[in-house]
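Written below as structure tokens is the structure these notes are about.
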Amino acid sequence: MNTRALPLYATIVIFLLAWLLSWMQFPNILSTRVIGNLLTDNAYLGIVAVGMTLVILSGGIDLSVGAVIAFSGVLIAVLLRDTNLHPLVVFAGVLALTTAFGACMGLLIHRLAMPAFIVTLAGMFLARGAAYMLSIQSVPIDHPFYKTLRDAYYLMPGKGRLTLIGVLMLAVVALGMVLAHRTRFGTSLYALGGGEQTARLMGVRQGQTTVLVYAFSGLMAGLSGVVFSVYTSSGYALATVGTELTAIAAVVIGGTLLSGGAGYVFGTLVGVLTMGLIQTYIVFDGTLSSWWTKIVIGLLLLAFILLQKGLLTLSGRSLRKGAA
Amino acid sequence: MLLSIRSLTKTFPGTRALDEVDLDIAAGEVHALLGENGAGKSTLIKCLTGAYRRDGGTITMEGAPIDPRSTLEARQLGIGTVYQEVNLLPNLTVAQNLMFGAEPRRMGLIDGRAMRREADRLLRQYGLEIDVGRDLGAYSVAIQQIVAIARAVAQSGKVLILDEPTASLDRREVEMVFDVVRGLRDRGLGIIFVSHFLDQVFELTDRVTILRNGRKIVTEATARLDRMSLIQHMLGRDLDHAAPVTRAPDADAAPALLRIEGLGRDGVIAPFDLTVGQGEVVGLAGLLGSGRTETAELLFGLRPAQTGTVRDANGAVDLRSPRAAIAAGFGFAPEDRKTDGIVGDLSIRENIILALQARRGWSRPIPRSEQNQLADEYIRRLDIRTSDREKAIGELSGGNQQKAVLARWLAMNPRFLILDEPTRGIDVGAHAQILRLIRTLTAQGMSVLVISSEIDELVAVSDRVIVLRDRRHVAQLTGQQVTGDQIMRAIAQEGAAA
Ligand SMILES: Nc1ncnc2c1ncn2[C@@H]1O[C@H](COP(=O)(O)OP(=O)(O)OP(=O)(O)O)[C@@H](O)[C@H]1O
Ligand SMILES: [Mg+2]
């Protein structure tokens with residue numbers, strides 16, 4: 001077994017333990033209703049976190065996604081309010097736009113050899129500003145197609161609703177897993193995260209990979225914007241502030257190394273669900289302030305970073321042994 | 001000609017790395033590319049494979065001009081390469097490393113199982129049976145190097161380039177690699193082979209091209225050169241030999257610095273006794289995996305010993321961690337300096353004072369004048385080829401980087417210094433210089449433990465040689481016994497016993 005898989009197993013164990021503990025207190029938490037809600041409520045986060053995972057694997061970071069979600073939501077709402085376009089057409093346009101936006105950031109990062117942190121920070125301000133330009137107020141969406149979307153769910157035994165956006169999130173995770181583990185693009189991401197110079201000498205197309213991964217993250221942010229607008233039936237420029245950080249937290253809790261080169265997309269799903277579970281627990285309890293979510297997530301994050309640090313030291317040692 | 005290079009030129013700021021170099025590689029030959037550290041060998045290779053853009057010159061392959069702009073393009077042209085400073089990616093699996101760029105697919109997606117099967121098959125040609133699904137980083141440097149070679153070989157349709165591929169391999173593995181290379185030669189590939197091991201050059205290659213300061217000096221059939229003329233062409237002068245060591249007749253002549261008794265650790269190294277004299281050089285000989293590095297790691301606290309003690313004149317020495325070992329005046333220049341050692345963006349000066357500064361603590365910076373003086377001293381003593389001490393270490397040639405890292409540990413001036421393969425990747429000229437430096441240091445009272453796969457080197461520098469086999473100290477040679485023959489015999493008894 002590879003040591004880099006350890007954080008993933010740790011995450012899964014923690015998730016199951018957390019679930020077990022919650023279940024002993026509130027047996028209801030295992031109902032399909034709660035599970036359905038967990039997926040629905042975290043769909044937008046899960047989707048954007050998959051994009052973030054790939055970016056982080058490549059050794060980068062994308063701080064723009066929270067703002068891009070809000071921008072997409074507002075743009076959709078405004079377009080549906082002011083034009084007669086069908087929502088599907090609007091979605092396609094928005095996705096194309098956010099994908100291009102991500103690709104541009106990737107191009108800048110590669111061409112100018114600028115830190116991803118700076119470029120995507122600029123992207124964040126740009127997207128947030130553009131969202132304000134479109135509308136400062138929250139714009140409600142009352143298109144009939146939205147009702148169709150929200151009503152499209154599968155009723156699980158036990159009255160839980162497996163919604164369209166929940167399923168979409170799971171599909172995106174599956175897509176992310178295929179991309180990361182079954183394509184050359186995915187291997188290139190790990191390679192770049194492991195060492196750019198070596199990766200280049202091995203024949204990784206650095207420019208192409210960088211542009212693609214930020215474009216993918218942009219696409220996921222746009223998709224997340226679509227999902228969020230379905231979820232809230234509105235577009236609001238002030239929505240999803242800080243979502244990029246929550247997504248990063250989910251990725252790290254999911255066992256992906258923040259410095260890149262190691263991690264699993266599946267872990268990110270577990271990370272998102274762990275965070276969602278903590279929130280659900282606090283709602284169930286009713287007496288705890290919702291700020292406890294942040295505190296617990298903060299502690300978890302800290303624990304994971306320590307775990308990874310320890311594992312890195314360990315694998316560094318095992319690397320040195322063996323040779324005489 | 002399979003491959004013709006004409007007037008290849010490459011300039012870095014302040015350095016003309018290649019100056020109108022011509023090189024012809026015929027189909028079915030192994031062509032050695034030789035030269036001192038910094039002569040331009042790796043630069044030539046990188047220009048040839050598109051890793052660097054050349055400033056001038058033409059490259060033709062089978063009559064048609066080629067101009068690879070990336071290593072990927074070079075590979076598509078049938079040029080497979082092992083680069084000097086690269087051990088592939090430790091965070092990918094062995095199979096991913098081997099097959100990157102040529103993954104077997106099913107329905108457009110990478111077929112993981114087929115990929116592992118193919119990787120396994122490739123490695124078996126080198127007698128390597130390992131779990132290819134594990135991360136490359138989990139394996140030893142030697143295995144990583146074989147994987148890198150296997151990868152290059154698998155990619156080379158027409159040309160195979162090996163830039164110091166055998167640096168961390170032992171005799172048997174080198175033999176295996178050579179067999180594969182000869183097989184490829186017989187199939188009509190052109191092979192470029194860079195090495196500082198001249199024996200290997202004579203054993204394997206058909207022709208030799210020698211570079212000096214970025215210029216081509218000569219191309220000649222290997223059989224028509226002897227060792228002396230080869231070295232002369234490389235250095236532009238004769239090799240000044242280190243004075244032979246005058247070995248003390250028996251081990252206990254020097255006053256003891258360290259008395260090691262029963263030091264050992266389960267599964268790592270069997271308990272051993274060793275007394276290291278003041279100003280003595282003890283050599284450790286043995287095959288790869290015989291426990292040489294492990295002995296060093298125990299002594300430096302990298303792996304705590306389970307049994308035994310180490311004493312000096314003042315009593316027991318605490319060696320539970322590298323920190324403790326450094327505090328006790330121990331130093332350790334590890335084998336894998338290629339990846340562990342250098343901080344590429346820092347200057348040569350900063351790299352040299354790194355360990356010294358760390359020991360003093362960062363709150364008490366070493367005065368700049370002292371830093372400069374130390375850096376200049378070691379640049380001179382180790383003959384580090386550089387325009388000045390402020391150059392980023394990543395811009396030095398591979399061998400010169402090695403010297404700089406070695407300088408870091410020498411600058412610590414420990415009382416007991418462990419050197420794991422101190423001359424790996426270092427040219428013949430500097431090689432002698434480093435051995436001489438070791439003798440100078442010991443004359444000043446430092447004791448040194450040298451681990452080396454080169455038996456000649458051990459004979460040249462050691463007062464005493466310990467031979468290891470199967471993680472056990474099996475023989476000790478002193479005085480007149482320290483000869484290449486005797487060491488070989490002690491190492492080889494494995495075969496006789498089995
Ligand atoms: N990236 C770089 N930037 C600046 N200078 C460089 C760079 N790479 C190499 N050089 C310089 O070019 C010259 C030739 O270096 P090169 O690496 O080709 O030597 P080499 O023959 O491979 O030596 P070695 O035997 O030590 O590997 C050296 O003077 C080196 O300092
Ligand atoms: Mg070189």
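Values as computed for the structure displayed
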{"quantity": "Over 19 Å between alpha carbons, listed pairs B:216/B:403; B:41/B:216; B:10/B:41; B:10/B:158", "calculated": "B:216/B:403; B:10/B:158"}
{"quantity": "Positive minus negative residues near residue B:80 (Lys, Arg vs Asp, Glu; Cβ under 10 Å)", "calculated": "+3"}
{"quantity": "Test item: A:200-209 mean partner chain Cβ contacts at 10 Å", "calculated": "5"}
{"quantity": "Extension gain, residue A:121 back to residue A:151 (0.36 nm per residue minus Cα-Cα distance, nm)", "calculated": "7.1 nm"}
{"quantity": "Aspartates and glutamates with Cα under 18 Å of residue A:159, excluding same-chain neighbours fewer than 8 positions away", "calculated": "A:41, A:151"}
{"quantity": "Computed FRET value (nearest 0.05) for residue A:287 with residue A:9, which takes r as the C-beta separation and R₀ as 25 Å", "calculated": "0.15"}
{"quantity": "Mean Kyte hydropathy of 0.5 or more with a Cα span along the axis of at least 24 Å, helices from DSSP in chain A", "calculated": "A:6-25, A:65-82, A:87-111, A:116-134, A:164-182, A:206-232, A:265-285, A:291-320"}
{"quantity": "Spin-label zone in region B:221-238 - amide nitrogen under 20 Å from a point set 7 Å from the Cα of residue B:26 along the C-beta vector", "calculated": "B:221-226"}
{"quantity": "Restricting region B:1-67 to GluC sites (Glu not before Pro) in coil, as DSSP defines it, with at most 14 other Cβ within 10 Å", "calculated": "B:62"}
{"quantity": "Nitroxide proxy distance, nm - points 7 Å out along Cα→Cβ at residue B:373 and residue A:303", "calculated": "5.4"}
{"quantity": "Phi to ³J(HN,Hα) by Karplus 6.51 cos²θ - 1.76 cosθ + 1.60 over region B:267-272, Hz, x for Gly, Pro", "calculated": "x, 10, 7, 5, x, 9"}
{"quantity": "Antiparallel bridge percentage (DSSP; both residues within the protein assembly as shown; nearest 5)", "calculated": "55"}
{"quantity": "Electrostatic dipole magnitude of region A:3-315 [Cβ: Lys, Arg +1; Asp, Glu -1; Cα centre; debye, to 20]", "calculated": "400"}
{"quantity": "Using alpha-carbon coordinates, inclination of helix B:112-124 to the longest axis of chain B, degrees", "calculated": "70"}
{"quantity": "Residue B:109 paired with residue A:241, simple spin-label distance in nm, labels 7 Å along Cα-to-beta-carbon", "calculated": "4.1"}
{"quantity": "Peptide B:301-307 - average C-beta neighbours from other chains (10 Å radius)", "calculated": "1"}
{"quantity": "Volume per residue that the Cα convex hull of the protein assembly as shown spans, once the total is divided by residue count, Å³", "calculated": "203"}
{"quantity": "Heavy atoms of residue A:147 accessible to a 1.4 Å probe, total area in Å² rounded to 10", "calculated": "120"}
{"quantity": "With all protein chains modelled, accessible area of residue B:156 [1.4 Å, Å²]", "calculated": "10"}
{"quantity": "DSSP beta bridge pairing in chain B, given as percent antiparallel to the nearest 5", "calculated": "55"}
{"quantity": "Inter-label distance for residue B:55 and residue A:81, nm, one decimal - labels placed 7 Å from Cα along Cα-to-Cβ", "calculated": "6.2"}
{"quantity": "Area of residue B:196 that stays accessible when all protein chains are in place (1.4 Å probe, Å², to 10)", "calculated": "30"}
{"quantity": "FRET efficiency, residue B:443 to residue B:261 (Cβ-Cβ, R0 41 Å, nearest 0.05)", "calculated": "0.90"}
{"quantity": "Region B:338-413 pair-distance distribution - Cα-Cα, 10 Å bins, rounded %", "calculated": "21, 59, 19, 0"}
{"quantity": "Summed residue charge, Cβ within 12 Å of residue A:243's Cβ, Lys/Arg positive, Asp/Glu negative", "calculated": "-1"}
{"quantity": "Convex hull per residue volume in Å³, alpha carbons only, for region B:134-188", "calculated": "81"}
{"quantity": "Two-site FRET efficiency, residue A:258 against residue B:489, from Cβ-Cβ distance with R₀ of 60 Å, rounded to 0.05", "calculated": "0.65"}
{"quantity": "Overall Cα dimensions of region A:81-209, principal axis frame, Å, largest first", "calculated": "54, 43, 22"}
{"quantity": "Charge dipole of the protein assembly as shown about the Cα centre (unit charges at C-beta), most positive-ward option of A:272, B:225, B:269", "calculated": "A:272"}
{"quantity": "Linear extension gain, residue A:136 paired with residue A:16, 0.36 nm per residue minus alpha-carbon span", "calculated": "39.0 nm"}
{"quantity": "Chain B: radius of gyration over Cα atoms, expressed as a fraction of 2.2 N^0.38 Å", "calculated": "1.00"}
{"quantity": "Within the protein assembly as shown: Cβ-based charge dipole about Cα centre, in debye rounded to nearest 20 (Lys, Arg +1; Asp, Glu -1)", "calculated": "1500"}
{"quantity": "Binned Cα-Cα distances of chain A, short to long, each 20 Å bin given as a whole percent", "calculated": "32, 57, 11, 0"}
{"quantity": "Under 25 Å from residue A:309, Cα to Cα: lysines that are on another chain or at least 8 residues apart", "calculated": "A:294, A:321, B:338"}
{"quantity": "Cα-based Rg of region B:252-332 normalised by 2.2 N^0.38 Å, two decimals", "calculated": "1.04"}
{"quantity": "Loop-located GluC sites (Glu not before Pro) in region B:67-132, at most 12 other Cβ atoms within 10 Å (DSSP)", "calculated": "B:129"}
{"quantity": "Between helix B:428-443 and chain B: long-axis angle, C-alpha atoms, 0 to 90°, nearest 10", "calculated": "10"}
{"quantity": "Between 0 and 90°, nearest 10: helix B:171-186 axis offset from chain B longest Cα axis", "calculated": "10"}
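The values are calculated or read from the model by the stated rules, or taken from the named source; none is laboratory data. This one's a predicted model, so the numbers in the text were calculated from it and none came from an experiment. All Cβ positions, even for glycine, are placed from backbone atoms using ideal geometry, and neighbour counts span all protein chains on display. In case anyone asks, the SASA skips ligands and DNA or RNA and just uses the protein heavy atoms, side chains included. Shrake-Rupley method; radii C 1.70, N 1.55, O 1.52, S 1.80 Å.
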